[in-house]
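The values are calculated or read from the model by the stated rules, or taken from the named source; none is laboratory data. What you see is a predicted model; the values in this text were computed from it and never measured. As a convention, Cβ positions derive from the backbone with ideal geometry for all residues, glycine included, and neighbour counts pool all protein chains shown. Ligands, DNA and RNA are stripped out before the accessible areas are found, and what is left, the full protein with its side chains, is counted by its heavy atoms. Shrake-Rupley method; radii C 1.70, N 1.55, O 1.52, S 1.80 Å.
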Amino acid sequence: IERTYSDHGQIDYMFNFAGILIVGEVFDMEIEDWSRILDVNLKGVAYGTAIAYSIMVKQGFGHIVNMSSYQGLIPAGAATAYATTKYGVVGLSMSLCSEAAKLGIKVSVVCPGFIDTPLFQTADVLKADRGEVFSGIPFKLMEAKDAANVILRGVERNQKIIIFPFYARLFWYLYRIHPVLASPLVSGLIKNFRALKVKH
């Protein structure tokens, strides 16, 4: 970040998009698992934000775009650690947004559903088979290039929360109206995961 600023004299955008996924129940996780996912998904975003933000404050402009997930807006059975980090990114982004507005800096948080990226191929799946777990995703994976276009349109419009596709917005809407409305989705995730664990 500092090298980019030194080379170009300004930073217009900061995209904090690094992330890892651990699928499994909390009682199957080790402290090292928690440490790793918090370091990448939450601390990585926080550090990148803090460094870019300090430069943007000096220059008086800029736009920070942080990657969360729709699972940072609603509970995620069998992915509690992942959801914890993504909730944290939403909290970081929305809270900073209120600080940054009068300083000329914009902040957006991206909360997508299932996108076709290497995240699923590199995920750690505890006590179950990775292929079986991800073959049960109930939605078609969105192409990464299509997701990128949606994100860039949202950034251009200065959307605070960029949530897509439709099912992700729908679940978030239902959860905001009444959390119980989203409970079948949450309970279904953990039920399906436990069924797969029984085989192994």
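Key figures
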quantity: Residue check, PHE134 out of contact with any strand residue (DSSP E or B) (no Cβ under 6 Å at 6 or more places or on another chain), open to solvent by less than 70 Å² (accessible area, probe 1.4 Å), more than 15 Å from GLY72 (Cα to Cα) and of a type in the set (Phe, Trp, Tyr); calculated: yes
quantity: Matching residues in segment 15-56 - criterion: being among the polar types (S, T, N, Q) and out of contact with any Leu (no Cβ under 8 Å at 6 or more places or on another chain); calculated: ASN16, SER35, ASN41, SER54
quantity: Members of segment 118-129 that are outside any strand (DSSP E or B), surrounded by fewer than 17 Cβ atoms within 10 Å (Cβ to Cβ) and either within 14 Å of the chain's Cα centre (by Cα) or touching a residue at least 60 places away in the same chain (Cβ under 8 Å) (or both); calculated: LEU119, THR122, LYS127, ASP129
